[in-house]
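Asker: The structure's right below; bear with me while I get my questions together.
The values are calculated or read from the model by the stated rules, or taken from the named source; none is laboratory data. Given the structure is predicted, the values throughout are model-derived calculations rather than measurements. So basically every Cβ, Gly included, is an ideal-geometry build from the backbone, and we count neighbours across all protein chains shown. Each accessible area value is taken on the protein alone, full model and side chains, heavy atoms only, with ligands, DNA and RNA left out. Shrake-Rupley method; radii C 1.70, N 1.55, O 1.52, S 1.80 Å.
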Amino acid sequence: MSKEAGKKAAADAAISYIKPGEILGVGTGSTVNMFIDAIVPLRDRIPGAVSSSEASTERLQGHGFKVLDLNEVESIGVYIDGADESDAGLNLIKGGGAALTREKIIAAVAETFVCIADESKIVDVLGNFPLPVEVIPMARNYVARELRALGGDPVWREDCVTDNGNHILDVKGLQITDPKGLETAINGIVGVVTNGLFAERGADVLILGRGDGSVKNLGRDR
Ligand code: 5RP
């Protein structure tokens with residue numbers, strides 16, 4: 001229950017980062033769902049949104065927001081999304097909802113990436129949450145062997161096909177002390193689409209919501 005209150009507090013606090021008149025980037029997950037529901041009163045001031053998943057697109061459209069293809073858009077001012085873990089440097093693990101590739105693309109385009117999460121998501125060292133890796137289906141077993149060689153224990157998320165038609169390997173057993181290095185190494189394996197480490201392009205701001213409804217903002221200059 002208090003986690004839900006923390007998510008809601010973070011989602012509400014993210015509203016102040018929206019720049020009226022600009023295209024908004026919208027991520028995926030239960031925290032983002034709260035954010036989408038919270039911005040309905042601002043609909044007339046948001047000309048359009050770019051969404052990281054079919055689920056968020058459906059929710060946005062259900063509330064009457066215009067959802068744009070990224071290829072129609074020159075720039076995105078702010079991208080709001082959740083995370084599965086963050087360290088103090090705002091390096092993230094994302095992809096628990098299997099939307100990591102589209103999320104990483106929108107984060108790359110956005111001027112500012114605001115991450116929203118309940119305070120349980122902040123950790124000293126990333127890796128307790130299994131790291132999602134999106135793979136081309138025919139490469140799944142090859143990529144799994146390569147991930148084992150990097151020290152991880154990959155598990156195929158068998159009930160999941162991503163919005164891009166790919167598979168997910170969740171890599172357990174990692175203590176990620178070099179997030180940028182590991183992000184690059186995994187993305188270098190042939191057959192990997194991308195992995196859920198957001199370190200090369202981490203968050204600019206992390207809003208952590210607490211169970212009592214208060215928030216704590218962490219931020220960094222890019
Ligand atoms: C989806 C994600 C989500 O942002 C992440 O899983 C957090 O979700 P939630 O807000 O439900 O805890 O990366 O791919």
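Asker: Just one of (1) in contact (Cβ under 8 Å) with a residue 12 or more places away in the chain; (2) open to solvent by 10 Å² or more (accessible area, probe 1.4 Å) trips up E74, so point out which.
Answerer: So the condition that E74 fails would be (1).
Asker: Among E183, E158, which is in contact with a His (Cβ under 9 Å, 6 or more places away or on another chain), modelled with pLDDT of 95 or more and not hydrophobic (A, V, I, L, M, F, W, C)?
Answerer: Residue meeting the stated conditions: E158.
Asker: Okay, next question. From the list S52, S56, exactly one residue is open to solvent by less than 30 Å² (accessible area, probe 1.4 Å), within 11 Å of the ligand (Cβ to nearest atom), within 14 Å of F113 (Cβ to Cβ) and polar (S, T, N, Q). Which is it?
Answerer: Values: S56 fails: within 14 Å of F113 (Cβ to Cβ).
Answer to the selection: S52.
Let's see how each residue does on (1) under 30 Å from I18 (Cα atoms); (2) surrounded by fewer than 20 Cβ atoms within 10 Å (Cβ to Cβ); (3) away from the ligand (no atom under 15 Å from the Cβ):
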| position | (1), (2), (3) |
| --- | --- |
| G82 | yes, no, no |
| L90 | yes, no, no |
| G95 | yes, no, no |
| R102 | yes, no, no |
| M138 | no, yes, yes |
| D153 | no, yes, yes |
| V161 | no, yes, no |
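Asker: Also, quick follow-up: Quick one: in region 117-133, which of the residues that are more than 9 Å from the ligand (Cβ to nearest atom) and among the charged types (D, E, K, R) is most open to solvent (accessible area, probe 1.4 Å)? Let's see the steps before the verdict.
Answerer: Step one: filter region 117-133 for residues more than 9 Å from the ligand (Cβ to nearest atom), giving 119-120, 122-128, 130-131, 133.
Okay, now just the ones that are also among the charged types (D, E, K, R), so 119, 124.
Working: E119: 90, D124: 151 Å².
Restricting to residues being more than 9 Å from the ligand (Cβ to nearest atom) and among the charged types (D, E, K, R), the top hit is D124.
Asker: Continuing with the same structure: Step by step: first the residues of region 22-46, then only those that are out of contact with any strand residue (DSSP E or B) (no Cβ under 9 Å at 6 or more places or on another chain) and farther than 18 Å from A9 by Cα, then the one that is nearest to the ligand (Cβ to nearest atom). Which residue is that?
Answerer: R43
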